[in-house]
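Structure, as structure tokens:
Read the figures in this text as sums done on the coordinates, not as results from a lab. The model shown is predicted, which means the values in this text are computed figures rather than measured ones. Every residue, glycine among them, receives a Cβ derived from its backbone with ideal geometry; neighbour counts consider all protein chains shown.
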Amino acid sequence: MTSQPHVAIVGATGAVGREMLVCLEERNFPLSKLTLLASARSAGQKFSFRGEELTVEELTDKSFEGIDIALFSAGGGISLHYAPLAAAAGCIVIDNSSAFRMDPEVPLVVPEINAAAAANHPKNIIANPNCSTIITLMGLAPLHRAFGLTGIIASTYQAVSGSGAQGILELEDQMKALVNGTPVEMSVYPHQIASNVIPHVDAFQDNGYTKEEQKMLHEGRKILNLPGLKVTCTCVRVPVMRSHSISVTAIFEKDPTVEAARAAFEGQPGVELVDDPAKGLYPVPLGTTGLNNCQVGRIRKDQVLPNALALWVVGDQVRKGAALNAVQIAEILS
């Protein structure tokens, strides 16, 4: 890999693709050239990068010749078709979809947690984990290193931007309808999302859990290299524009004190402690939107389970939960 790679963003006009562009510029990522790729419908759009105007090109089977790293954020179907073509052309793919996450030959990487896993990528593909999984594990990894994680009981509070631009528009339109007393229309979600919460993110499976809820289990085991990790999760869509929040009860091998748990976050990259409830200080979605770091607060001893802590983790799912994490993986490679 050259120290000045030619980088491409696949799905450059979407919310995550645009955030990838921002992250590359903010972090002064060392690249020789940046190519923006998207569907024929989006080709021709122009974006500014480091003072230059870049034109989005149409994604085709031949798009990856001469490209060293491709950041994919265009959906699982696009990834399944184009990622192997890019890999065969000698490009290393960092894929934001769920298409390859559970492939045993594809590393699933959160750089602050398991950066070394990125070194072994026999298929030239590295997977970005699910956004809720990333944010949750950013809050749990320092505690796992200190006390040995054995189980997770979690409830997520997921922003509508996790559904893409249409989720944001639906919430905005419904809020206007409620104010104006006009009929509320629904297309993205099975129920009204304005002034409501919906315990339904992704498709339901035979065991009663959704695919989103099962990602916390399977991806958590792979990232932490804990095949016996026990996880139960309920994923909830809430009327918040951006940043996901997760309520977590974490069970450990060792009995942690709250003081030791707080100390475990000292000096840890990518995560910060915001935990002084008496002063009204705890993580909230508006407080993390646009930030690189995830935040942890409300740390307390669980009153039901032994060796357990209850905590609250919040992070920007478009940034650390997707775009930033992909760019950080690219930084490991370059």
Please work out if ALA194 is of a type outside the set (Lys, Arg), free of Cβ contacts under 8 Å to residues at least 60 places away in the same chain and crowded, with 17+ Cβ neighbours inside 10 Å.
yes
Subset of region 43-55 (residues that are over 24 Å from the mean Cα position of the chain (by Cα) and in contact (Cβ under 8 Å) with a residue 24 or more places away in the chain)
GLN45, ARG50
Can you tell which of SER79, SER48, SER63 is crowded, with 16+ Cβ neighbours inside 10 Å and over 18 Å from PRO122 (Cα atoms)?
SER63
Considering only region 248-271, how many residues are surrounded by fewer than 17 Cβ atoms within 10 Å (Cβ to Cβ) and under 19 Å from VAL318 (Cα atoms)?
1
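For (1) among the aromatic types (Phe, Trp, Tyr); (2) in contact with an Asp or Glu (Cβ under 8 Å, 6 or more places away or on another chain); (3) at positive phi, each residue gets a yes or a no:
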position	(1), (2), (3)
ALA278	no, no, no
LEU281	no, yes, no
GLY290	no, yes, yes
ILE299	no, yes, no
PRO306	no, yes, no
GLY315	no, no, no
ASN325	no, no, no
Residue under question is PRO285, and the condition is that it be farther than 23 Å from GLY151 by Cα and touching a residue at least 60 places away in the same chain (Cβ under 8 Å); does it hold?
yes
Hey, among the residues in region 291-303 that are part of a loop (DSSP other than H, G, I, E, B) and without any contact (Cβ under 8 Å) to a residue 40 or more places away in the chain, which one's farthest from SER243 (Cα to Cα)?
GLN303
